[in-house]
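Taking it in order: structure first as C-alpha cells, then the write-up.
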Amino acid sequence: MLRETGRLLTAFVNSLRGWRYLLAAEANMRYLLIMVAVTIGLKLTDLLSMGEMAILLVTICAAIGLEICNTAFEQLLDLHISGYSERVKRIKDMMSGAVFFALLIYAVVLAAFLLS
C-alpha cells in the first residue's frame, strides 16, 4: 500500500513538473488557460448557463490536450531529427492545425452562445 502511494505521489509530482514546463515554455498554454478563466468569468457574470460553460470548458480542455500533444510531438521530433526537414515541418503544421481546429470550434460555440 505504501509503495503504491509513493508511485502515485511520484506520478503527481511528474505531472506538476510537466505543467510547470508547459507554462514556462509555451505561450499558447498560457493563452489557453486565460481562455478557461474568461469562460468561467462569463459564467460568473451570468452571460453563460452552467451547461454552456460546461460545453465550452470541454472544448477548451480538448484544445489544451491537443496543445500538450503538439508540444510533446515537437520535442520528440526535435530530439530525433537534426536540421531542417520538410516532413517534420508538415507533421508540426498538422499538429498545430489540430489545436487551431479545436480553438475554432471553441470560438464558434462561444459566439453561438453569446449571440443566442
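Considering only residues that are over 14 Å from the mean Cα position of the chain (by Cα) and surrounded by 15 or more Cβ atoms within 10 Å (Cβ to Cβ), look in region 99-111 and name the one that is farthest from THR39 (Cα to Cα).
VAL109
Taking first residues from region 20-46 that are free of Cβ contacts under 8 Å to residues at least 60 places away in the same chain and of a type in the set (Gly, Ala, Ser) and partners that are in a helix (DSSP H, G or I) and surrounded by 14 or more Cβ atoms within 10 Å (Cβ to Cβ), the Cβ contacts under 8 Å between residues at least 6 apart in sequence or on separate chains come to ALA25/THR71. Under the condition of being within 20 Å of the chain's Cα centre (by Cα) and of a type outside the set (Ser, Thr, Tyr), which residue from region 43-60 is surrounded by the fewest Cβ atoms within 10 Å (Cβ to Cβ)? That would be VAL58. Return yes when LEU114 is part of a helix (DSSP H, G or I), more than 16 Å from the chain's Cα centre (by Cα), touching a residue at least 60 places away in the same chain (Cβ under 8 Å) and over 24 Å from GLU26 (Cβ atoms) and no when it is not. Yes, satisfied.
For region 1-21, what are the residues that are assigned to a helix (DSSP H, G or I) and more than 23 Å from ILE68 (Cα to Cα)?
Residues satisfying the conditions are LEU2, ARG3, GLU4, THR5, GLY6.
Check whether at least one residue in region 61-74 is on the phi > 0 side of the Ramachandran plot and either surrounded by fewer than 16 Cβ atoms within 10 Å (Cβ to Cβ) or in a helix (DSSP H, G or I) (or both), and report yes or no. Looking through region 61-74, none of the residues is on the phi > 0 side of the Ramachandran plot and either surrounded by fewer than 16 Cβ atoms within 10 Å (Cβ to Cβ) or in a helix (DSSP H, G or I) (or both). One residue alone among SER96, SER15 is under 16 Å from the mean Cα position of the chain (by Cα) and surrounded by 13 or more Cβ atoms within 10 Å (Cβ to Cβ), and that residue is SER96.
No lab work stands behind these numbers, since they all come straight from the coordinates. Given the structure is predicted, the values throughout are model-derived calculations rather than measurements. For neighbour counting, all protein chains shown are included, and Cβ atoms are generated from backbone atoms with ideal geometry for every residue, glycine included.
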